[in-house]
1. Which of the residues spanning the range 22-54 are basic (Lys, Arg) and part of a helix (DSSP H, G or I)?
2. Among (1) under 18 Å from the mean Cα position of the chain (by Cα); (2) farther than 30 Å from residue 188 by Cβ; (3) in a helix (DSSP H, G or I), where does residue 89 come up short?
3. Cβ-Cβ below 7 Å, separation at least six or inter-chain, first residue in the range 50-75 and within 15 Å of ligand 1 (Cβ to nearest atom), second among the hydrophobic types (A, V, I, L, M, F, W, C) and part of a loop (DSSP other than H, G, I, E, B): which pairs?
4. Here's a check for you: in the range 158-196, which residue that is farther than 23 Å from residue 77 by Cβ and among the small types (Gly, Ala, Ser) is nearest to ligand 2 (Cβ to nearest atom)?
5. Quick check on my filter: what residues within the range 60-102 are more than 19 Å from residue 133 (Cα to Cα) and of a type in the set (S, T, N, Q)?
6. Return the only residue of 144, 140 being crowded, with 18+ Cβ neighbours inside 10 Å, hydrophobic (A, V, I, L, M, F, W, C), more than 16 Å from ligand 2 (Cβ to nearest atom) and under 12 Å from residue 55 (Cα atoms).
7. Looking at 116, 20, which one is crowded, with 17+ Cβ neighbours inside 10 Å, under 23 Å from residue 149 (Cβ atoms) and more than 16 Å from ligand 2 (Cβ to nearest atom)?
8. Of 161, 177, which residue is part of a strand (DSSP E or B) and either at positive phi or of a type outside the set (Asp, Glu) (or both)?
Amino acid sequence: MTPGAETHLRRYIDRHRQALDLLGQLAPDVEAAARACVEALRGGGKLITCGNGGSAADAQHFAAELTGRYRRERRPLAALALTTDSSALTCIGNDYAFEEVFARQAEALAQPGDVLVGITTSGSSANVVRALDVARARGAFTIALTGESGGQAARSAHVTLRAPSDRTAHIQEMHILLIHVLCETIDDAFVEEPQE
Ligand SMILES: O=C(CO)[C@@H](O)[C@H](O)[C@H](O)[C@H](O)COP(=O)(O)O
Ligand SMILES: [Zn+2]
């Protein structure tokens, strides 16, 4: 017999309970990532995000929390996801390589003072790793959100937030928590600013 939804639910809850303490150990890295985001946005830079599949959704989610709003009222903040322009994705994927779909956009858009956030649960998606490398070479600060292993993405990024798991779905669930913590910290920095 297959386990059923209740069994799955309990397994997922248990998995999260076990991971929570380890997740707390990421605090210094989360602090460093949040500081880099706030400094970039304060300095007139922007956040650029990318990822594949569920992480593409997370990349868009993160960018939209900033240009739109997260929890508290503040000015709109500069952020864009490299996953949303189907013309750019198909042109670059078709004419160059899928590996280049984010890197070429990063080459066009990333500047010193920006932050590129690459989200990859395996840490080994070549298009995300390439984007981190290109953005870093262009003088942007780079943040990787990965699983426990970190993979090549962790070697390419200035700061890596390693969700303590090797299961894609579980890592993604922790990634969205980490993204919301970053948003909360960014809100802290900008809610007190006088509104225009
Ligand atoms: O959401 C899921 C699985 O939960 C999938 O869409 C998953 O994101 C895709 O398989 C991605 O291609 C995985 O890439 P990555 O996280 O290893 O960089
Ligand atoms: Zn998923």
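Throughout, read-outs are computed from the coordinates displayed, never taken from laboratory work. Predicted model, so just to flag it, every value in this text is computed and none were measured. Positions of Cβ are generated from backbone atoms using ideal geometry, with glycine treated the same way; all protein chains shown enter the neighbour counts.
1. 35, 42
2. Residue 89 satisfies every listed condition except (1).
3. Final answer for the pair search is 50/82; 50/102.
4. Here the answer is 169.
5. 60, 67, 84, 86, 87, 90, 94 - these are the residues of the range 60-102 that are more than 19 Å from residue 133 (Cα to Cα) and of a type in the set (S, T, N, Q).
6. One residue alone meets the criteria, 144.
7. 116
8. Details: 177 fails: part of a strand (DSSP E or B).
Matching residue, one of 161, 177: 161.
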